[in-house]
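Each remark here refers to the structure printed beneath this line.
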Amino acid sequence: METIVLSLGVAVCIALMGAFMVYSGDYRLLHGYHYATTPVAERPALARETGGCLIGTGVSIALITPTILPSWASIVGAVLLVASIAGMFVAVIRHNGALMSFAPNGSWPLMNTKPRMTMLACAAVGIVLSLLGIVPGVNMIATGDVSSLHSYHYANVAASDLPSLALVEGACMVALGAGMFACAIGCGGMTLRRPAPLWSKVLLGIGGTLFGASIIGALAAIVYFNGSLMG
C-alpha cells in the first residue's frame, strides 16, 4: 500500500508541474541546457509543450502503478510514458537546436573539452548503462532463469512458460541496454555543435525507440504470461 501511495503521489506532483508550465509558460523548471540556446520568444512555447508531456508522464505513472485498474492499463501507461518522454525530447530539440546546448560563457564540465573527449565521456557512460541491461538480459536468455525479475512478475506463470518468458524478457533487456548506449552516443553528438548533426538525431531516435519498445514489450510479456503485471 505504501508503494502505491508513493507512486501516485509522484504521479500527481509531476502532473501538477506540467500543468503549471502549461498555464504559466514558465520554462525555468527545465534544466538550463534544455533552453540555453532557445530564442527567448520561443521559451514559453517550449515550456507549454514540455509541460503537456509532463502531464502525460504523470498520468502514465498512475496507470502503471498497481491499483484496481485492469492489467491492460499498465500497457497503456507504458505506451503513454514512452510517448510523453519522446514528446519532451522532440520539443527541446525543435526549439533548442539540440537536446543539450550551452551558452558561450556556460560552465558545463565537458563543453570546453575537445569533441573527441566529449564523445569518449558519453561513450563510457553509455557502455556502463548498456551493460546494466545487456548482461542480465543475455544471462536470462542463456539460462532461462527469470529470478532477476520481481517474484510477483512470474508468480502465476506456468512452469512450461518460464523459458519463453525468460527469452522475451531477456531480449527486451538487451534491447534496453542497446537503446541506452545509442542514446548516450546520440546525446554526445548533439553537444558537439549547433545545429546538432543529423546522425546524432537519428541515433537518438533509434535509441529512444529501442528503449521505449523494450519497456512496452517487457510489460506486455509479463501480463501475457502472468495474467497481470503483479501476480
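At a 1.4 Å probe radius, carbon and sulfur cover how many percent of the accessible area of the chain?
73 percent
222 nm [θ] for the chain, helices only, -39500 (n - 2.57) per DSSP H run of 4+, per residue, to 500?
Dividing the helical sum by the residues of the chain leaves -24000 deg cm²/dmol.
With angles folded into 0 to 90 degrees, how steeply does helix 43-64 sit against the dominant principal axis of the chain? Use alpha carbons for both and round to 10.
10 degrees
Using Cα pairs closer than 8 Å and at least 6 residues apart in sequence, work out the relative contact order for the chain, in percent.
Once divided by the residue count of the chain, the mean separation gives 20 percent.
Under a 1.4 Å probe, what is the accessible area of the chain per residue, stated in Å²? Before the final figure, lay out each step's value.
Numbers: 12050 Å² over 231 residues.
Value for the chain: 52 Å² per residue.
Pull out a ≥ b ≥ c, the square roots of the eigenvalues of the alpha-carbon gyration tensor of the range 112-186, then state rounded if a/c is under 1.5, prolate if not and a/b is larger than b/c, and oblate in the remaining case.
Taking the square roots of the gyration eigenvalues as a ≥ b ≥ c, the range 112-186 is prolate.
Nothing charged except the Cβ atoms of Lys and Arg (+1) and of Asp and Glu (-1): what's the magnitude of the dipole of the chain about its Cα centre? Round to the nearest 20 debye.
The dipole magnitude comes to about 960 debye.
Just how much of C13 is accessible, in Å², when a 1.4 Å probe is used and the result is rounded to the nearest 10?
80 Å²
Quick one: ranking D26, D161 by accessible area, 1.4 Å probe, largest first, what do you get? Spell out each step's value before the answer.
Details: D26 30, D161 55 Å².
Descending accessible area places them as D161, D26.
So how far, in whole Å, is the C-alpha centre of the range 134-199 from the one of the range 27-87?
Between the Cα centres of the range 134-199 and the range 27-87 lies a distance of 22 Å.
With Kirkwood radius over Cα pairs in Å defined as stated, name the option among (1) 18.6; (2) 19.7; (3) 19.1 computed from the structure displayed.
Computing Kirkwood radius over Cα pairs in Å and matching it to (1) 18.6; (2) 19.7; (3) 19.1 gives (3).
How large is ³J(HN,Hα), in whole Hz, for each residue of the range 179-187 in order, when computed from phi with the Karplus curve 6.51 cos²θ - 1.76 cosθ + 1.60 and θ = phi - 60°, using x for Gly and Pro?
Result, ordered by residue: x, 5, 5, 4, 5, 5, 5, x, 5 Hz.
The values are calculated or read from the model by the stated rules, or taken from the named source; none is laboratory data. Predicted, not measured: the structure shown is a model, and the values here were computed from it. When we count neighbours, we look across all protein chains shown, and the Cβ atoms used for this are built from the backbone with ideal geometry, even at glycine. In case anyone asks, the SASA skips ligands and DNA or RNA and just uses the protein heavy atoms, side chains included. Shrake-Rupley method; radii C 1.70, N 1.55, O 1.52, S 1.80 Å.
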